[in-house]
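Enquirer: Before we start, here is the structure in question, set down as structure tokens.
The values are calculated or read from the model by the stated rules, or taken from the named source; none is laboratory data. Note that this is a predicted model, so its numbers are computed, not measured. Note that we place each Cβ from the backbone using ideal geometry, even for glycine, and neighbour counts take in every protein chain shown.
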Amino acid sequence: MSLFVQSFAHAQTIQINHQAFELKTVMKETEEGFERQEIELYRDDHQLLTHTLRLETGDCSIVSIELGDYEVKNNQIIFYSY
């Protein structure tokens, strides 16, 4: 089981189809000491989803990097993973 310590770095409110959503960029740290940056999507104070923006894991012999991004376009939020 992984535990996360988190702190909020940035929040943004957007309107899509006359609905207000809040996007929060969150920095977390796993109990193994790896940093994780995520975007959390909320509506009416209910978390709808979490999307990873950056996560690096590994040890001295291997490193794994997960990258993501998002874009607000017209009445859509588009999430990307690399």
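Residues checked against (1) among the charged types (D, E, K, R); (2) under 13 Å from Ile77 (Cα atoms):
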position: Val26; (1), (2): no, no
position: Gly33; (1), (2): no, no
position: Arg36; (1), (2): yes, no
position: Tyr42; (1), (2): no, yes
position: Leu48; (1), (2): no, yes
position: Val63; (1), (2): no, no
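Enquirer: In addition: Report every pair of residues separated by at least 6 positions or lying on different chains whose Cβ atoms are under 6 Å apart, first residue within the stretch 56-82 and touching a residue at least 24 places away in the same chain (Cβ under 8 Å), second outside any strand (DSSP E or B).
Expert: Close Cβ pairs (under 6 Å, with a partner that is outside any strand (DSSP E or B)) amount to Thr57/Phe34; Asn75/Asn17.
Enquirer: Taking the criterion of being touching a His at 6+ places or on another chain (Cβ under 6 Å) and modelled with pLDDT of 85 or more, would at least one residue in the stretch 40-56 satisfy it?
Expert: The answer is no; no qualifying residue exists.
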